[in-house]
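Everything on this sheet refers to the single structure shown next.
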Amino acid sequence: MPKITVVLTSFNHAEFIRETIDSVLNQTFSDFELVIWDDASTDNSWTVINSYADPRIKAFRNEVTMRGVYGINKAISEVALGEYIAIHHSDDVWELDKLEKQAAYLDAHSETGAVFTKASPINELGVPLNDPSHFYSNIFNQQNRSRHEWLRYFFLNGNALCHPSVLIRKSCYDECGLYRIGFGQLGDFDMWVRLCAKYEIHVLSEPLIKFRIRDGEMNTSGNRPIVHIRDANEKYRILQQYREISSKGNIFKIFPEFKSYDRGDNTDSEYVLARVCIGSDAFFLRQKLAMDILFDILNNPVRKEVVEQVYGFTSIDFIEITGRYDIYSRQTVLSLQNAVIERDAQMDRFLKEIDEQIKIFVADRDDQLSNLSNEIAEQEEKIVKLLDQIATLNKKN
C-alpha cells in the first residue's frame, strides 16, 4: 500500500500536463500512487496521459465535463490508498523533493493535519513571473500560524494557501468531509476553514511548487467579472461556517481582542461573531453575516432575552444597524446613477455651449468672408478702371 496518493486533476492542459506528470514521477520520494482524473478534456490531454506506462499511474476520465471537485472527491473516496493525499493541478509543476520534505514533516508532527509549501509563480512559458504587483506574486508567501490564527486570517483576509502544494492526512478528509459540491472557485478555501477548525497546519518555508499564471487571467481565480461575482457568493457561504466554529471556546481564541464580550456561561458566541463582523473593516459580506446572525437571535425568544440582559442589545439597535450598512450597495448605486445623470447633463450643457460658440464663430467667419469678398470686388473694380485708363493713355500716345 503506497504511503502517498497523488490526485492530479486534468482539464484541457495538453501543453502542460506532461511536465506536470513528470514532476510527480521523478520525485525523490517514490512510495506513491498517481491518480489522474481527466474531466473530459477536448484537447490532447487524455492521449498524453495514456502515453505513460508507469504502474504507479491510475487514470480515469469523465464522459462529460463535471467541473468543480467531482474528480478530486471520487479519487479520494473511491481510489486513494495512501495515508497521505497530495493534490496536484495539470498546469503546475512540483520541485522534485516536494513529497520527501512534506512526508518527513507529517511523519515527525502527528499533531499537524496538513503541510503546505510556498509557491513560485511562473507564466505560460514556465518563466518566473516578474510582476510584483500581480496578486499571486506574494500571496502564498505566508508565515506560520496556529489554527485559530489561520481562522482569523481566513475570516478577515481570505485564502492564502496554495491548493496544489498541500500534503494532507487522508484521515482529515474522513473527519472534516470531502470538498463540498457547489464551489466553482473556492472549494479549497472552504476545505481549509473546515480543516483548521479541527487540525493544526504548517507551511514549509521553501517554494516547492511552480504555480502557473495563465495568459489573459484564465486561471480559475483569474481577474474576470464572472470570477468576482462567483467569488462573493462563495465567500459568503464560507463565512457562514464561522457561526458553527465560533463556539464559546473558539470565538475568543480566534478574535482575542473581543474578550470584553465574554460573559461566561451567558456568552452568546454568535452575537460576539456579529460584533466581530461589524467591528472589522467595512466588508459587505461580513456586514450581511452580522445582520443575519442578529436577526436570528432576535427571533429566538430565549436568546433575545439573554442578549438584551447581558449585552443590552435590542431590536431597536438592530433596526438602526440595518439602516447603517448598505450591504447591497443600493445607495452607492443610486449615488452613481445620479452622478451619471449629472455628468450627462453637464456634458449636454457643454455641447450646447460649444454648439453656440461654433454658430457664433461660423457667423463671424461668414461676415468676415463676405466683407473680404466685397473688398476683393472693390479692388477688382479699381484694377479694371486702372487698366482702362492705361489702355486709353496708350491709344492717345
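The values are calculated or read from the model by the stated rules, or taken from the named source; none is laboratory data. From a predicted model like this one, the values you see are computed outputs, not experimental measurements. Virtual Cβ from ideal backbone geometry, glycine too; neighbours counted across all protein chains shown. The area values use the complete protein model at the heavy-atom level, side chains included, leaving out ligands, DNA and RNA. Shrake-Rupley method; radii C 1.70, N 1.55, O 1.52, S 1.80 Å.
List, in order, the whole-Hz ³J(HN,Hα) value for each residue of the stretch 266-276 obtained from phi through the Karplus relation with A = 6.51, B = -1.76, C = 1.60 and θ = phi - 60°; use x for Gly and Pro.
8, 5, 9, 5, 5, 4, 4, 4, 4, 5, 4
Which FRET efficiency, nearest 0.05, do S247 and N299 yield, Cβ-Cβ r, R0 22 Å? List each step's numbers first, then the result.
On the way: r = 21 Å, r/R0 = 0.95.
That gives a FRET efficiency of 0.60.
Residues with beta-carbon under 10 Å from that of I36, excluding I36: net charge, scoring Lys, Arg +1 and Asp, Glu -1? Please report the intermediate quantities before stating the final value.
Values: positive: K58, R61; negative: D38.
With Lys, Arg at +1 and Asp, Glu at -1, the net is +1.
Please figure out what share of the DSSP beta bridges in the chain is antiparallel and state it in percent, rounded to the nearest 5.
Antiparallel bridges: around 20 percent, rounded to the nearest 5.
Could you tell me which of L386, I254, L8 has its Cα farthest along the dipole of the chain towards the positive end, charges placed at Cβ (Lys, Arg +1; Asp, Glu -1), taken about the Cα centre?
I254
Just checking my list (i) 4, 17, 22, 17, 12, 8, 4, 4, 3, 3, 3, 2, 1, 0; (ii) 4, 19, 29, 26, 14, 5, 1, 0, 0; (iii) 4, 17, 24, 22, 15, 10, 7, 3, 0 against P(r) over Cα pairs in 10 Å bins from 0, in percent computed from this structure; which label fits?
(i)
Quick one: which of K98/K210; K118/K248; K98/K235 span more than 23 angstrom between C-alpha atoms?
Long pairs (Cα-Cα over 23 Å): K118/K248; K98/K235.
Tell me, how many Å apart are the Cα centres for the stretch 1-35 and for the stretch 284-314?
The stretch 1-35 and the stretch 284-314 have Cα centres spaced 49 Å from each other.
Give me the net charge of A197's neighbourhood, meaning all other residues with Cβ under 9 Å from the Cβ of A197; Lys, Arg count +1, Asp, Glu -1. Numbers along the way, then the final one.
Values: positive: R147, R194, K198; negative: E244.
Net charge in that neighbourhood comes out at +2.
Run the dipole for the chain about the Cα centre, Lys and Arg Cβ at +1, Asp and Glu Cβ at -1, nothing else charged, and hand back the magnitude in debye, nearest 20.
Numbers: 46 positive and 60 negative charges, 140 e Å.
The dipole magnitude comes to about 680 debye.
To the nearest 0.05, how large is the calculated FRET efficiency for Q368 and Q346 if R₀ is 41 Å and r is the Cβ-Cβ distance? Write out the running numbers ahead of the final one.
Numbers: r = 32 Å, r/R0 = 0.79.
The formula returns an efficiency of 0.80 here.
Can you give the FRET efficiency to the nearest 0.05 for F283 and L129, using r as the Cβ-Cβ distance and R₀ = 25 Å? Display every interim value, and only then the final one.
On the way: r = 28 Å, r/R0 = 1.11.
Using R0 = 25 Å, I get an efficiency of 0.35.
Note down the accessible area of S315, probe 1.4 Å, to the nearest 10 Å².
Taking all protein chains as shown, S315 has close to 50 Å².
Measure off, as a whole percent, the carbon and sulfur share of the 1.4 Å-probe accessible area of the chain, all protein chains present.
Values: 11210 of 21320 Å².
So the carbon and sulfur contribution to the accessible surface is 53 percent.
Along the stretch 10-22, what does the Karplus equation 6.51 cos²θ - 1.76 cosθ + 1.60 (θ = phi - 60°) give for ³J(HN,Hα), rounded to whole Hz, x for Gly and Pro?
Along the stretch 10-22, the couplings run 10, 7, 6, 10, 4, 6, 10, 5, 5, 5, 5, 4, 4 Hz.
Each residue of the stretch 149-156 in turn: what ³J(HN,Hα) in whole Hz from Karplus with 6.51, -1.76, 1.60 and θ = phi - 60°, glycine and Pro shown as x?
Using θ = phi - 60°, the values come out as 5, 5, 4, 5, 4, 4, 5, 8 Hz.
Long-range amide H contacts for S90: which residues qualify at under 5 Å (H placed 1.01 Å from N, peptide plane, sequence gap of 5 or more or a different chain)?
For S90, the qualifying residues are T9, F11.
Taking a probe of 1.4 angstrom, what is the accessible area of I316 in Å², to the nearest 10?
Accessible surface of I316 is approximately 120 Å².
Under a cut-off of 27 Å between alpha-carbon atoms, report the lysines in cross-link reach of K382, not counting same-chain residues fewer than 8 places apart.
Answer for K382, where 27 Å is the Cα cut-off: K395, K396, listed by chain and number.
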